[in-house]
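Note sheet for the following structure.
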Amino acid sequence: MGLFTKDIKTMNDLFVHQLQDIYYAEQQLTKALPKMASKATDPQLKQGFLTHLEETRQHVARLEEVFKMHGVAAKAVDCPAIDGIIEEADETAGEVADKAVLDAALINAAQAAEHYEIVRYGSLIAWAKQLGRSDCAAVLAKTLEEEKATDKKLTTLAESKVNLRAAS
Ligand SMILES: [Fe+2]
Ligand SMILES: [Fe+2]
């Protein structure tokens with residue numbers, strides 16, 4: 001379902017639709033992260049992906065909690081944006097022969113996913129508050145903090161060593 005189809009009439013419809021979209025995205029990421037961890041060479045990067053995999057499983061559970069709080073069934077709708085990000089990550093990784101350069105590419109791909117999540121959770125939180133669901137907003141905010149922290153860790157890892165190694 002496209003974002004601006006006629007099925008979405010109200011702010012509440014939009015909120016629920018975007019919950020379904022990010023629910024799908026988080027599920028896809030629980031499948032993509034183990035693959036990224038297995039491709040990563042740097043031990044810290046590998047561990048970082050595995051840590052975020054555990055967090056991502058928690059993100060799926062939190063979304064189920066939010067669906068329940070909001071009184072709608074947990075359902076995922078296809079999210080072509082995250083599919084594209086994951087697909088591109090796979091393709092790029094397949095084309096990079098040098099291990100150190102591959103780590104740099106994996107970080108870049110992971111950050112694309114984090115930024116996508118950050119945008120979506122940011123809006124979901126704002127809309128939840130607008131809809132009088134500060135209870136849902138509070139749960140979503142926990143996830144947003146973890147996405148932001150992961151993004152920061154990836155930047156630090158890239159700037160402190162991975163990019164240097166890739167360029168040498
Ligand atoms: Fe997430
Ligand atoms: Fe994430």
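The values are calculated or read from the model by the stated rules, or taken from the named source; none is laboratory data. It should be emphasised that the depicted structure is a prediction, and the values quoted were computed from it without experimental measurement. Here the Cβ positions follow ideal geometry from the backbone for every residue, glycine too, while neighbour counts run over all protein chains shown.
What single numbered condition from (1) touching a helix residue (DSSP H, G or I) at 6+ places or on another chain (Cβ under 9 Å); (2) modelled with pLDDT of 95 or more; (3) in a helix (DSSP H, G or I) fails to hold for Lys75?
(3)
On the given criteria, is Gln27 at pLDDT 95 or above, part of a helix (DSSP H, G or I), within 16 Å of ligand 2 (Cβ to nearest atom) and loosely packed, with under 14 Cβ neighbours inside 10 Å?
Values: at pLDDT 95 or above: yes; part of a helix (DSSP H, G or I): yes; within 16 Å of ligand 2 (Cβ to nearest atom): yes; loosely packed, with under 14 Cβ neighbours inside 10 Å: no.
Taking the combined requirement at face value, the residue does not satisfy it.
Restricting attention to segment 65-84, report how many residues are surrounded by fewer than 21 Cβ atoms within 10 Å (Cβ to Cβ), touching a residue at least 24 places away in the same chain (Cβ under 8 Å) and not basic (Lys, Arg).
Narrowing segment 65-84 to residues surrounded by fewer than 21 Cβ atoms within 10 Å (Cβ to Cβ): 65, 67-78, 80-81, 83-84.
Checking which are touching a residue at least 24 places away in the same chain (Cβ under 8 Å) leaves us with 65, 67, 69-70, 72, 74-78, 81, 83.
Subsequent filtering for residues that are not basic (Lys, Arg) retains 65, 67, 69-70, 72, 74, 76-78, 81, 83.
Qualifying residue count, segment 65-84: 11.
Let me confirm something: among Ile82, Ile125, Ile107, Ile86, which residue is within 11 Å of ligand 2 (Cβ to nearest atom), assigned to a helix (DSSP H, G or I) and on the phi < 0 side of the Ramachandran plot? Show your work before the answer.
Working: Ile125 fails: within 11 Å of ligand 2 (Cβ to nearest atom); Ile107 fails: within 11 Å of ligand 2 (Cβ to nearest atom); Ile86 fails: within 11 Å of ligand 2 (Cβ to nearest atom).
Answer to the check: Ile82.
Can you name the residue in segment 116-139 that is touching a residue at least 60 places away in the same chain (Cβ under 8 Å) and among the hydroxyl-bearing types (Ser, Thr, Tyr) and, of all such residues, is surrounded by the fewest Cβ atoms within 10 Å (Cβ to Cβ)? Give the steps one after another, and end with the answer.
Residues of segment 116-139 touching a residue at least 60 places away in the same chain (Cβ under 8 Å): 116-117, 120-121, 123-124, 127-128, 130-131, 133, 135-136, 139.
Filter once more, so that each one left must be among the hydroxyl-bearing types (Ser, Thr, Tyr): 116, 121, 123.
Working: Tyr116: 19, Tyr121: 23, Ser123: 15.
The selected residue is Ser123.
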